[in-house]
1. How many percent of DSSP beta bridges within region 2-269 run antiparallel, rounded to 5?
2. Find how much the distance from ASP230 to SER2 grows on full extension, using 0.36 nm per residue of separation minus their present alpha carbon separation; answer in nm with one decimal.
3. For region 214-272, what class follows from the C-alpha gyration tensor (a ≥ b ≥ c being the square roots of its eigenvalues): rounded when a/c is under 1.5, otherwise prolate if a/b is larger than b/c, else oblate?
4. Can you tell me how region 27-79 classifies by the Cα gyration tensor, rounded, prolate or oblate, using a/c under 1.5 as the rounded cut?
5. Can you tell me the length gained on complete extension of the stretch LYS30 to VAL155, counting 0.36 nm per residue apart and subtracting the Cα distance?
6. Order of 196-204, 63-71 by packing, highest average Cβ count within 10 Å first?
7. Points 7 angstrom from Cα along the Cβ direction at LYS251 and ILE239: gap in nanometres?
8. Label GLU140 and THR58 with points 7 Å out from Cα along Cα→Cβ: what is the distance between them in nm?
Amino acid sequence: MSFKVAAIQMDIAYKEPERNHRHAGELVEKAMQHKPNVIVLPETWTTGYSESVFHEITRYAEMESGPTMSVLRSWAAKYGVWFVSGSFPEVDGANIYNTVFLIDPEGNITGKYRKMHLYSAMDEHIAFTNGHEMPVWPTELGTVGMMTCYDIRFVELSRTYAVRGAEVIFVVSNFPNPKVNHWRTLLQARAIENQCYIVACNRVGAAENSTYFGHSLVIDPWGEIVAEGDDSENVVTGIIDLSRVADVRKKIPMYSDRQPQSYPRDILLYRR
Ligand SMILES: NC(=O)CCC(=O)C(=O)O
């Protein structure tokens, strides 16, 4: 089974959700020229990502039933494609999360992932509550999991997804300059160590004190780069061939060679 992904490495108008909705709509139309099965948007694509956004996050937070999900669900149904929604500030009761949704081609919500690791170096933890669930979803795209930007530095999350059966991990990001070597190296490592596809969408452009390099990536379970963007606003496409996952896992049987009974439990709870 194979399918096409399209990562929209969008330039985000800083703190202008309505303008970003309009612009993303144009880019989705452009992405559809490639006839993808799934479209991926970047992290915090309604506002941009900065300390200043975080300090006034309640202005931008929306419910799951709010305008951003309405447009995303309408695009999914209109074009008949899956969406990895990119993230936006999702309010639920007293909490606000940095949330990404998986939307099916009828516009239904299949699942959501609330960013677990918040980037305290930029005060992200002041705005958002940490997510604590690590779901995977069996879909016609294979079994999928999701990560958001800083999450790629934490092997525990991708490994949990892999052990739960993930064949494809989608990543939505606002990963800034000058860290393109971290981005590519970490993502290739996550693909190789978990023997799964990684589809990672990063924004381009600037917000407050940061600039963003794009370089959205599709990486196969052998760690080979199937597609990579440059630093311009663009749609990056690649083919996912799920039989590659089974082939690589058969060639090097890491999952059956794991020794979980020997891995110390306390390492999971250890904090420095
Ligand atoms: N949006 C983010 O999570 C930023 C993460 C980041 O910059 C990093 O170096 O990691």
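Each reported figure results from applying straightforward, stated rules to the coordinates on display, with no laboratory input. Computed from a predicted structure; not experimentally measured. FYI the Cβ positions are ideal-geometry reconstructions off the backbone, even for glycines, and counts take in every protein chain you see.
1. 65
2. On the way: separation 228, 0.36 × 228 = 82.08 nm, distance 2.46 nm.
The ASP230-SER2 span can extend by a further 79.6 nm.
3. oblate
4. It is oblate, given that a/c is not under 1.5 and a/b is not larger than b/c.
5. 41.6 nm
6. Those peptides, ordered most packed to least, come out 196-204, 63-71.
7. 1.7
8. 4.3
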